[in-house]
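Novice: Have a look at the structure that comes next, please.
The values are calculated or read from the model by the stated rules, or taken from the named source; none is laboratory data. A quick note: this is a predicted structure, and the numbers were derived from the prediction, not measured. Note that we place each Cβ from the backbone using ideal geometry, even for glycine, and neighbour counts take in every protein chain shown. Just so you know, the surface numbers come from the protein's heavy atoms only, side chains and all, with ligands and any DNA or RNA stripped out. Shrake-Rupley method; radii C 1.70, N 1.55, O 1.52, S 1.80 Å.
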Amino acid sequence: MASSSYISLMDLASGDMFNSPQTPERISRVITVPVDGGITDDGDFDSLSSECCEKTIIVANFLPLQAQKDIKSGQWLFSFDEDSLLLQMKDGFSSDTIVVYVGSLKVDVDPKEQDEVSKTLLEEFNCVPTFLPPDLQKKFYHGFCKQYLWPLFHYMLPMCADYGNRFDRLHWQAYLSANKIFADKIIEVTNPEKDYVWVHDYHLMALPTFLRKHFHRVKLGFFLHSPFPSSEIYRTLPVREEILKALLNADLIGFHTFDYARHFLTCCSRILGLDHESKRGHIGLDYFGRTVYMKILPVGIHMGQLQSSLNHPSSSTKVKEIVAKFNGKKIIIGVDDMDIFKGISLKVLAMEQLLQQHPELQGKVVLIQIVNPARSTGKDVQEAKREIYESTERINDVFGFPGYEPIVLIDRCVPFYEKAAYYACAECCIVNAVRDGMNLVPYKYIVCRQGTSRMDEALQIAPESPRTSMLVVSEFIGCSPSLSGAIRVNPWNIDAVADALNMAITMPGVEKQIRHEKHYRYVSSHDVTYWSQSFMQDLERACKEHYNRHCWGFGFGLSFRILSISPSFRKLSIDHIISVHRRTCRRAIFLDYDGTVVPHSSIIKSPGPEVILFMNSICSDPKNTVFIVSGRGKNSLSDWFAQCENLGIAAEHGYFIRWNRRSEWETFPIAIDFGWKRIAEPVMQLYTEATDGSFIESKESALVWHHQDADPDFGSSQAKELLDHLENVLANEPVVVKRGHQIVEGVTKGLVAKKVLSTMISNGEPPDFVLCVGDDRSDEDMFESISNTAYISSLPVSPEIFACTIGQKPSKARYYLDDTVDVLKLLSGLTGASSSTTSTSNTETEVSFESCA
């Protein structure tokens, strides 16, 4: 039977499905829960253990295993790949953590053998294989991942058919199918209440959605090991929104550098309209009530493995060979994959330029370039390889002579002990990639140059002798920011790279030593153990509130996401509030205008006749004190509500207050002196001129800087700068600077609510019912203000507080209504309750007041 995870794409894809062979039976769960554990799960348990243990499930495209089949016996032989990062990162986990790996094997396994192989890998290696059908594997990995996503994430656009593959919908469907298979395997071995899942790299960017849909509270981290491109590049991706939304279903997203994280956040802002903020040193992005955190930390190397390689007898033997072969020559080492982005041909041309500019170096310096096998096949890789060989042959013909080749190409699979020997002998290491996610070659080079006692013996140097190393690194690789002592270069500037190489090999020994010591301190303290430990600590912190909040899943396909809200946050029951309204005697009601009483989308901004009718009816009840609190000007509001005789109006966020139509406008006493405007307006004008699409709105009590029509990213950045600028220049002025939704202005609604409630209390009519409804950031101050009223000690009885926001989103309010339609239903209900009160006889009214006194 074909795998259901392969055929069903959860409404994600349409089109022809691939022919799929049989897949192995469902495997047993690695860890189970007690029978009465109470965990809801769609899967069956093949066995139950009496104890539930915590696991970390590491998910990557390939398992950290080496596999080969014995030709004679026909048996599969497996062993751990000691060079795999996935295996090395275990050192960062606590000793009692069970680590389970989920991924594919690098070899094809016959469907008939898959069940037996799965069982062996699970029992002996804690590995869960995902056997992808060959056709699916080809379209997923070699098609969408390597031929489309990989070039795009390295800033290479498929401008024509000869340079990169264009987007293929079938390959995208294969990508989703593969991610779904991975998710199904994870689900089989995961206890969502206890386990952590850590997903790696761009092959599995859709996986968080599949997993989050099944387990709403899964503890999920994702780390991207490739660059994340700038928004100008990423926005060319036809499925750009789908991938962003999928990644945001993780709890923590890791990047090697701040640039990669910044590009991701910019894409979220420009494409999804999401803003981020720094929370106590951590960058967080609010996504439907969940905070998705960003982790910026470059991966490190495994110090123990490197030192073991240096102490390997074969390394010492190889060092002696290298010293004998290149005696008296300065060695520059380069180690790169055969890849169009590694800049090997540019490195070779820089070597040519070095020898041309400095003839005295001919015969004294040699570039040894180790070329690792290509990870993908394609016309571009073959062309890059041909160019490298042609350039090397030409340069060796021009500058070489018997016994000397300026460039030595080693194009084969080189064991690490041999690479370690070359690193130890090289005076300089150059990494010239035009774009690379991280690249650990410089880190390995630094550790090898530090050496060990056995390596010192092979090199015939004293153990106490100073260590030196020099690095020339491209500014476009992920490790560059962490290597402050390296010579950074633009790999496209061949002259500059040649000058950097000359500087590196001719630099005084003392300076080389200082740079080396600085690098070694960083590399040795920020190893792979530190990296994995730090990521897991942040993942635990990001997930600690999972079971303290209510979660609902909604959306189809890759638009699926989780709405996470506080347990105390719930929809306002109109029946309940009407019931409370009827048994209370002194009520304060505050209503925002735009987005609450009238929709933001409405072209006509004035209130409709229905709103006027409701307001008049509610205000006719003498027990009600009702205010419209808006940022709009007093003239507009007084004209629109001219028919509402008893309605209070707070205009310009409360700077102007009128208790009813018969009373005069009062001004808030905090800003009688408007001299601050003469200071603030020129500052705001500077930001307006510098920010296309922004403008200043001048009110009697405030100056408002709008940037909703500006570039989202630039406008938001400028608003933050303006906020800081104004707070500094107005520090001694009687004005408050506040930031709202795409605005920066100066008065808060919270003071309005405080003034009205304080006046009611001082008049001997303390409120026992307070309702506040609003929709945006400016209303949060009002919610906070009325909530604090409940704690005023002078009140005889704590009032019933109803702070209500519009829409399900994080808020200081405890209640929500979905939209303005719900608000009108609420007003209609309050109208009915108020009408029934005012229709009673005067005697009954008097009795009612006496009973409430």
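Novice: Expected output is a single nm value to one decimal: the length gained when fully extending between Leu157 and Ile696, i.e. 0.36 nm times separation in residues minus the C-alpha distance. What is it?
Specialist: In short, 190.0 nm is gained.
Novice: I would also like to ask the following. Classify the range 55-296 as rounded, prolate or oblate, taking a ≥ b ≥ c as the square roots of the eigenvalues of its Cα gyration tensor: rounded when a/c is under 1.5, otherwise prolate if a/b is larger than b/c and oblate if not.
Specialist: oblate
Novice: Hey, can you rank 414-422, 204-212, 266-274, 341-349 by average C-beta count inside 10 Å, highest first?
Specialist: 204-212, 341-349, 414-422, 266-274
Novice: State, to one decimal in nm², a quarter of the convex hull surface area for the C-alpha atoms of the range 187-332, i.e. the direction-averaged projected area.
Specialist: Projected over every direction and averaged, the Cα hull of the range 187-332 covers 14.0 nm².
Novice: Please list 3J(HN,Hα) in residue order for the range 169-180, calculated via the Karplus relation 6.51 cos²θ - 1.76 cosθ + 1.60 where θ = phi - 60°; whole Hz, with x for glycine and proline.
Specialist: With the stated coefficients, the range 169-180 comes to 4, 5, 5, 5, 4, 5, 4, 5, 4, 5, 4, 5 Hz.
Novice: For the chain, what is the calculated [θ] at 222 nm in deg cm²/dmol (nearest 500), taking -39500 (n - 2.57) for each run of four or more DSSP H residues and dividing by its residue count?
Specialist: Rounded to the nearest 500, it is -12000 deg cm²/dmol.
Novice: Let me ask you something else. Convert each backbone phi in the range 286-301 into a coupling constant with the Karplus relation 6.51 cos²θ - 1.76 cosθ + 1.60 (shift: θ = phi - 60°), then list the ³J(HN,Hα) values in order as whole Hz, x for Gly and Pro.
Specialist: Using θ = phi - 60°, the values come out as 7, 9, 6, x, 8, 9, 9, 8, 9, 10, 10, 7, x, 5, x, 10 Hz.
Novice: Measuring with a 1.4 Å probe in the full set of protein chains, what accessible area per residue, in whole Å², belongs to the range 303-526?
Specialist: 42 Å²
Novice: Would you tally the net charge around Cys145, using a Cβ to Cβ cut-off of less than 13 Å, leaving Cys145 out, and scoring K and R as +1, D and E as -1?
Specialist: +2
Novice: How far is it, in nm, from the label point at Asp711 to the one at Tyr389 when both lie 7 Å from their Cα along the line to the Cβ?
Specialist: Spacing of the two 7 Å Cα→Cβ label points: 4.6 nm.
Novice: Sort 684-690, 73-79, 138-144, 764-770 by packing, meaning the average of other beta carbons within 10 Å per residue, with the highest value first.
Specialist: Put in order of decreasing packing, that is 138-144, 764-770, 684-690, 73-79.
Novice: I need the peptides 328-334, 573-579 ranked by packing, meaning the mean over residues of other C-beta atoms within 10 angstrom, with the highest value on top.
Specialist: The most tightly packed comes first, giving 328-334, 573-579.
Novice: Still on this structure, I have one more. Starting from the Cα of Val408, move 7 Å in the Cα-to-Cβ direction to define the label point; list residues of the range 496-511 whose amide nitrogen is under 13 Å from there.
Specialist: Once the point is set 7 Å along Cα→Cβ of Val408, nothing inside the range 496-511 turns out to lie under 13 Å by backbone N.
Novice: How high is the FRET efficiency from Arg375 to Arg777, r the C-beta distance, R0 51 Å, rounded to 0.05?
Specialist: 0.60
Novice: Can you pick out the pairs among Lys119/Lys385; Lys245/Lys444; Lys320/Lys444; Lys119/Lys342; Lys55/Lys571 whose Cα atoms lie more than 31 Å from each other?
Specialist: Listed pairs above 31 Å: Lys119/Lys385; Lys245/Lys444; Lys119/Lys342; Lys55/Lys571.
Novice: Roughly how many percent of the accessible protein surface of the chain is carbon and sulfur, given a 1.4 Å probe and a whole-percent answer?
Specialist: 49 percent
Novice: Rounded to the nearest 5, what % of the DSSP beta bridges within the chain are antiparallel ones?
Specialist: Among the beta bridges of the chain, antiparallel pairing accounts for roughly 30 percent.
Novice: Using only Cα atoms, find the angle between the long axis of helix 313-325 and the longest principal axis of the chain, and express it within 0 to 90 degrees, rounded to the nearest 10.
Specialist: So the helix axis and the longest Cα principal axis differ by about 70 degrees.
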